[in-house]
1. Test of understanding: what is the full-extension gain from D304 to A90, defined as 0.36 nm times their sequence separation minus their Cα-Cα distance?
2. Cross-link partners among aspartates and glutamates for K270, C-alpha distance below 13 Å, same-chain residues fewer than 8 apart left out?
3. Counting only protein heavy atoms and using a 1.4 Å probe, what share of the accessible area of the stretch 1-91 belongs to carbon plus sulfur, as a whole percent?
4. Any idea how far apart E286 and S199 come out in nm if each label point goes 7 Å out from Cα toward Cβ?
5. Could you give the length gained by full extension between Y51 and E275, i.e. 0.36 nm per residue of separation minus their alpha carbon distance, to one decimal place?
6. Using a 1.4 angstrom probe, figure out how much accessible area the chain has per residue, in square angstrom, rounded to the nearest whole.
7. How large is the dipole of the stretch 228-304 about the Cα centre if only Lys and Arg carry +1 and Asp and Glu carry -1, each at its Cβ, rounded to the nearest 20 debye?
8. What do you get for the angle between helix 266-292 and the principal long axis of the chain? Use alpha-carbon atoms, 0 to 90 degrees, nearest ten.
Amino acid sequence: MVQKNLMSGMRPTGKLHLGNYLGALSNWVKLQEEYNCFYSIVDWHALTTGYEDTSEIKVNIKEMLIDWLSAGIDPEKSVVFVQSQVKETAELHLLFSMITPLSWLERNPTYKEQLKQLEGRNITNYGFLGYPVLQAADILICRGEVVPVGEDQLPHLELTREIARRFNYLYEPIFPEPKALLTEAKVLPGIDGRKMSKSYQNTIEMSDSPDEIRRKTKLMVTDPERIRKTDPGHPDICSVFAYNKLFIKEHIEDIRKECEKGKIGCVECKRRLAESIINEMRPIYEKRKELENKPSILEDILIDGSKRAQKVASETIKMVREAMKI
């Protein structure tokens, strides 16, 4: 059976944290066995909200690639590349922008929400408004049939489907209408209890050393109603318990009961959690340290991946030009 093309990407905005790993990257690793995967480091997308300061993009590309490889992304199984190295994506984005009604972009709920969240930032530019058109080009340049997404990303993917449908109607049926592969939401709070985010500086990074993980775990916000070790706890409002559900799954009910009965203190609970995170992340951490000293291997992987992606992209653009008679 011919494997379907799967496409996904991440913006290089810094080192990946545990939320990125559990929410997307660990799933990408598994998908390599089922699909023909295209994984893109989407550096142009990083410009949509960060165009004023581009000094860290090249460094972040390298760090992201190391995180991916350390987690198990295999460049022999997947096409791993940098978005800007496949220039055909820019051409397809331009052509899609010609046929995409402005109203489609303005109604995008994600656009409206981010305008509110990033109030005060100068992001009333086309790049930010047209983000979903570039995303459609990313997916369709490699004729992606499947896209792993969370529910919050469904509006963007639906727009990609509409653009593909409109192109196929106006010209020729070239593009698939990519289907969503809904991923189970694994949301981790930051160590301060808020959403884990680089901008809040409340993350545990995939690259953190065991000592750094222990230090950050000690800082985690716990049940605010629990003052003494013997007080009954409320695990469902505790950040540490949210981590326990993912890192100490087999003992989670025992931990819940101990907490609710005041038989385990927050300090001990954090200690157990830190060691569990360290044990799970150790192979990734060790692989990462190894790759940090091999810049030539990283460069070769991106050169090879970009060539492989470009081969598919060139075929797509050739079909697009013929269909549009340009």
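The values are calculated or read from the model by the stated rules, or taken from the named source; none is laboratory data. If you're wondering where the values come from, they're calculated on a predicted model, not measured in any experiment. As a convention, Cβ positions derive from the backbone with ideal geometry for all residues, glycine included, and neighbour counts pool all protein chains shown. Heads up: the accessible areas ignore ligands, DNA and RNA and are worked out on the full protein's heavy atoms, side chains in. Shrake-Rupley method; radii C 1.70, N 1.55, O 1.52, S 1.80 Å.
1. On the way: separation 214, 0.36 × 214 = 77.04 nm, distance 1.97 nm.
The span from D304 to A90 would gain 75.1 nm if fully extended.
2. D223
3. Working: 1800 of 3710 Å².
Result for the stretch 1-91: 48 percent of the exposed heavy-atom area is carbon or sulfur.
4. Each label point lies 7 Å from its Cα, and together they span 3.8 nm.
5. Working: separation 224, 0.36 × 224 = 80.64 nm, distance 3.94 nm.
Result: 76.7 nm gained on full extension.
6. Working: 16920 Å² over 326 residues.
I get 52 Å² per residue for this part.
7. Numbers: 16 positive and 16 negative charges, 110 e Å.
For this selection, approximately 520 debye.
8. So the helix axis and the longest Cα principal axis differ by about 40 degrees.
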